[in-house]
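Below: the structure, in structure tokens.
The values are calculated or read from the model by the stated rules, or taken from the named source; none is laboratory data. Bear in mind that the values here come from a model prediction, so they are computed numbers and not experimental data. In this analysis, Cβ positions are derived from the backbone assuming ideal geometry, glycine residues included, and neighbour counts consider all displayed protein chains. Each accessible area value is taken on the protein alone, full model and side chains, heavy atoms only, with ligands, DNA and RNA left out. Shrake-Rupley method; radii C 1.70, N 1.55, O 1.52, S 1.80 Å.
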Amino acid sequence: MTVSFHLCQPGGGASCGACCGLYNFRDHSRLAVAEQLSMQTERLRRVPWEASAWHEAARELLAARRAEPMFSAVRVCPLLGFVDNERKQVGCLAHPLVTGGTDLRDCGVYRSSVCETFTCPSFGWLTDAQARLVQVACADWYLYGLVITDVEFVRGCLRLLEWELAGPARPEVLMEQPEALAAVRRMFALKETAPRRGTNATVFGRFNRDADGEPVPRTVDYVKLGVRASPEDDVVLCLGYAPKDATELMGARELVRSHVKAVARALAA
Ligand code: SF4
Ligand code: SF4
């Protein structure tokens, strides 16, 4: 499985900046992230396209950062911003396609050659059809990056749908049917909308932050909660739920189940 198109800027409203640190804060809500990007975009818009000026602006922006990164391994680049006037596309403000020719990416947190060649694991782990489904269902600068980078979440949702359908859940078919696609969007959008995920600030999707600031995978403590594993639990974890008791876990499972069933119903209509 390898995605044959570029996942970072696939078009149609989808764009991603996750590996540039877009979500790497405890508060990575849409509002907080949009404010950060707007601030960086405004600041860099006034800087001449010269390396010394961009180095200086990058230093300033790093010093003014609203919070420390959640995971130290993922650097947060101050050169990320909105690359369109409508502020609907996140991307690298230092990229030659944005500056009109000058490559200023060496002024960010990685070397330009790293930025140019890096591909995240989703390029290798998602199929073309799965990635297209995410692109079309999440045509949105904030949601797309949250979903396209969480392979377990995408696969987990589609696996649950296959169980519900007792047959294949083909992305091509989901994309052809507007009602089904809208239901898929609501299912993927749980990444943003799922309620009552608590304020456990050390959780990001499937991961906990350890004492050194490194991500460590989480599991459900079934013994402590006194429940058995269920097929929804992978998705429940990807949504960032850290249930403290069986009731919370059951509620999260039901939320996932109801969204999967809604997709199945829309497909059958
Ligand atoms: S996280 Fe993946 S899809 Fe997103 S910008 Fe980075 S390489 Fe591209
Ligand atoms: S300079 Fe590199 S790390 Fe920074 S925003 Fe651009 S692509 Fe991302």
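A few points about this structure:
- Set of aspartates and glutamates near LYS224 by C-alpha distance (under 17 Å), chain-local residues within fewer than 8 positions excluded: ASP233, ASP245, GLU248
- Listed values for region 97-113 are Karplus-derived 3J(HN,Hα) couplings in whole Hz (6.51 cos²θ - 1.76 cosθ + 1.60, θ = phi - 60°), namely 5, 8, 7, x, x, 7, 8, 10, 5, 5, 7, x, 8, 10, 6, 4, 5, and x replaces Gly and Pro.
- Residue-normalised accessible area of the chain, expressed per residue, 1.4 Å probe, Å²: 50
- Pairs of alpha carbons in the chain whose separation is greater than 26 Å (percent): 45
- Modelled FRET efficiency - R0 41 Å, ASP128 with THR247, Cβ distances, 0.05 increments: 0.55
- Solvent exposure of CYS115, expressed as accessible area, is near 60 Å², computed with a probe of 1.4 Å over the protein chains only.
- The HN-Hα couplings worked out from phi for region 13-24 by the Karplus form 6.51 cos²θ - 1.76 cosθ + 1.60 (θ = phi - 60°) are x, 8, 7, 9, x, 4, 6, 8, x, 3, 9, 7 Hz, whole numbers, x standing for Gly and Pro.
- Acute angle (nearest 10 degrees) that the helix 178-188 long axis makes with the longest principal axis of the chain, alpha-carbon atoms: 80
- Sequence-distant residues sharing a close amide H with ASN208 (under 5 Å, placed H): VAL216, ARG218
- The chain: most fluctuating residue of ARG111, ARG228, ARG159 per GNM, C-alpha cutoff 10 Å: ARG228
- With all protein chains modelled, accessible area of LEU31 [1.4 Å, Å²]: 120
- Carbon/sulfur fraction of accessible area - the chain, other protein chains in place, 1.4 Å, %: 55
- Acute angle (nearest 10 degrees) that the helix 246-268 long axis makes with the longest principal axis of the chain, alpha-carbon atoms: 90
- Per-residue surface analysis assigns SER112 an accessible area of about 20 Å², computed on protein heavy atoms at 1.4 Å probe radius.
- Candidate lysines - alpha carbon under 22 Å from LYS261, same-chain residues fewer than 8 apart omitted: LYS191
- Angle of helix 151-165 to the longest C-alpha principal axis of the chain, folded into 0 to 90 degrees and rounded to 10: 30°.
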